[in-house]
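Heads up: the structure comes next, in structure tokens.
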Amino acid sequence: MKDYTVKSETAVFSDTMKITETTDSNHASNINAGPMCAFENTIANRRDITKIQNAKAQLAFDESDGGLNIIIKEG
């Protein structure tokens, strides 16, 4: 077996993935297509979640129209 590595910077989320069918050959590239896509989705999600967790934001409150508006400015 070999390691399959996905670079966080280049990981792309896909909302579809290939699955093996009974008519497919038993070749590793066919068998591995689904798990490889799921792994890349996980890496892409982790990258984006980490970016959100580390984001700095400023909150401002505006009551000028009689209501309470929260304004979020990302820094």
Do we have any residue at all in the range 57-64 that's exposed (fewer than 10 other Cβ atoms within 10 Å of the Cβ), polar (S, T, N, Q) and not in a helix (DSSP H, G or I)?
yes
Can you pull out the residues in the range 14-53 that are touching an Asp or Glu at 6+ places or on another chain (Cβ under 8 Å) and either part of a loop (DSSP other than H, G, I, E, B) or aromatic (Phe, Trp, Tyr) (or both)?
14
List pairs: first residue in the range 44-72 and over 30 Å from residue 14 (Cβ atoms) and of a type in the set (Asp, Glu), second residue modelled with pLDDT of 80 or more and not in a loop (DSSP other than H, G, I, E, B) anywhere in the structure, Cβ distance under 6 angstrom, at least six positions apart or on different chains.
62/69
Kindly establish whether residue 11 is surrounded by 10 or more Cβ atoms within 10 Å (Cβ to Cβ), touching a Lys or Arg at 6+ places or on another chain (Cβ under 9 Å) and hydrophobic (A, V, I, L, M, F, W, C).
yes
Going by the structure shown, is residue 3 in contact with a helix residue (DSSP H, G or I) (Cβ under 6 Å, 6 or more places away or on another chain) and of a type in the set (Asp, Glu)?
no
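The values are calculated or read from the model by the stated rules, or taken from the named source; none is laboratory data. Because the structure is predicted, anything quoted here is derived from the model rather than measured. Every residue, glycine as well, gets a Cβ built from its backbone with ideal geometry; the counts of neighbours run over all protein chains shown.
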